[in-house]
1. Once ligands and nucleic acids are excluded and a 1.4 Å probe is used, how much of A:SER109 is accessible, expressed in Å² to the nearest 10?
2. In units of 2.2 N^0.38 Å, what is the alpha-carbon radius of gyration of the protein assembly as shown?
3. Give me the one-decimal Kirkwood hydrodynamic radius in Å for segment A:1-132, with the sum taken over alpha-carbon pairs.
4. What does the charge count around A:LYS26 come to, taking other residues whose C-beta lies under 14 Å from its C-beta (Lys +1, Arg +1, Asp -1, Glu -1)?
5. Contact order normalised by length for chain A, with contacts defined as Cα pairs under 8 Å and 6 or more residues apart; what percent is it?
6. Put +1 on the Cβ of each Lys and Arg and -1 on the Cβ of each Asp and Glu in chain A; which of A:ALA68, A:MET47, A:HIS194 then has its Cα farthest toward the positive end of the dipole?
7. Give the average over all directions of the projected area of the C-alpha convex hull of segment A:59-100, one decimal, in nm².
8. Could you calculate the contour length gain from A:ASP21 to A:VAL239, that is, 0.36 nm times the residue separation minus the distance between their Cα atoms, to one decimal place in nm?
Amino acid sequence: MIKVYGLHKYFGKNHVLRGIDLEVAKGSVVCIIGPSGSGKSTLLRCMNLLETPNEGQVLIDGVDITAAGHNIDELRAEAGMVFQRFNLFPHMTVLDNITLAPMKVRKVSQAEAEKQAHEVLRRVGLEEKAPAYPKQLSGGQQQRVAIARALAMKPKLFLFDEPTSALDPELVGEVLDVMKGMALEGTTMVVVTHEMQFAKEVADRVIFMDGGVIMEEGPPELIFSQPQNDRTKAFLDRVL
Amino acid sequence: MDFSLLLKHYDLLLTGAKLTVVMTVGAITLGVILGTLLGLMRIARLSILRAVSGVYLQIFRGTPMLLQIAFLYFALPPIFGSGIWKNPFIPDAALAGIVALGLNSGAYIAEIIRSGIQGVDIGQTEAARALGLSHLQTMQLVIMPQAFRRVIPPLCNEFIVLLKDTSLVSAIGAKELMYQARAMGAKYYEYFVFMVGAAIIYFCLTFVLTQISNYIERRLAVSD
């Protein structure tokens, strides 16, 4: 589904990604963990070109999105992204937040877009919030709307950038439940997270990043119970 | 102090006020169009556009308004022809004043527009682009509507400044409110009453502008 080869990214002199190779199979869930500043979010943001990598390739379904000559806007629509800070459009209702991209990018009719919007809102359990404005919702509800907004575009894969880090602890569960539901339905997901329990339960594969490189990867039961790398061990000791 | 003079000649002050309003509306229109253009140029990806608008800003913010007015009215006609300010609608001096005020406020409005756009959280742009919207769609559907709310209060402030600055155009002989007040004051040697009269009219005009701005702000806040 998505393949990353030899990815490098610099912010000025700061070498943030130092040669990342990664493959995510269709229908699998990959969780990326690691200390802050390790390049997890930057890697995720390179996968839909919110950041342009300095070197390397990103292939989605065999299409090299880093190659010149593509319509980047169309490619971005294939990777739905959910942000730490939700980033809902505050001047639009929940319904308009969700129908905007299908109508403007996919050229779906308004009636069809609204029908789909109600469907995805039902999936995240917020059907009755369609006419509300984002600021009338709790953080957890806002994030579920953000997930619904991404779902409405029917992307090939989903990128989650610390989706629960800005939430009050009691609101984390409702967002993770929605994500678990998506995983069970066979959605391809790449999740940057600090929720180790979620990674243990849901991930097919866990990747530990530090200093801009992948230090260790494997199935969650191995990474969490028998980490091979010293830095993985040290990190897990601190967070678990 | 003979306030009866005011009652006798208030129509002359009102004629002046009419020209003040005409000049204000004209200058605001020109200033908003120019300011929006310059403000967008300030954040353009093309560096030449940023440079051009930066130089413009420096020039118009760095020289006195009164000089700009006089420059347009006195210094340009010898170069471009003595008839350049001739028009069938308003006195020459008033037109020169409108253009000078519009060019000047364009520089300030450009900064208001720029900071309004840049003040919108970068996450909004990222979310819109991640959904596949183009740069243009993102600006038009997501950023501009949010920037619009932010620029209303500083824009209103700028409009009030502009209204009061039309009084500077009296220096080149446009018969607006300030000019009339001075002329009548001189004629009757009774400056006090005519200055007070003009001050009251200026105050009423700015008061109306403030009320309109407050109303728009309240309306926008409801749906926010």
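The values are calculated or read from the model by the stated rules, or taken from the named source; none is laboratory data. Please read these numbers as outputs of a predicted model, since none were measured by experiment. Don't worry about glycine lacking a Cβ; one is built from the backbone with ideal geometry, like all the others, and counts go over all protein chains shown. The protein model used for the area step is the full one, side chains on, heavy atoms only, and it has no ligands, DNA or RNA in it. Shrake-Rupley method; radii C 1.70, N 1.55, O 1.52, S 1.80 Å.
1. That residue has around 70 Å² of solvent-accessible surface.
2. Numbers: Rg = 30.3 Å, N = 464, 2.2 N^0.38 = 22.7 Å.
Ratio of Rg to 2.2 N^0.38 Å for the protein assembly as shown: 1.34.
3. Values: mean 1/r = 0.0592 Å⁻¹.
This gives a value of 16.9 Å.
4. Here the charged neighbours net out to -2.
5. Numbers: 444 pairs, mean separation 65.2, N = 240.
Relative contact order for chain A comes out at 27 percent.
6. Most positive-ward Cα: A:ALA68.
7. Working: hull surface 16.6 nm².
For segment A:59-100, averaging the hull's shadow over all directions gives 4.1 nm².
8. On the way: separation 218, 0.36 × 218 = 78.48 nm, distance 2.54 nm.
Using 0.36 nm per residue and subtracting the Cα-Cα distance, I get 75.9 nm.
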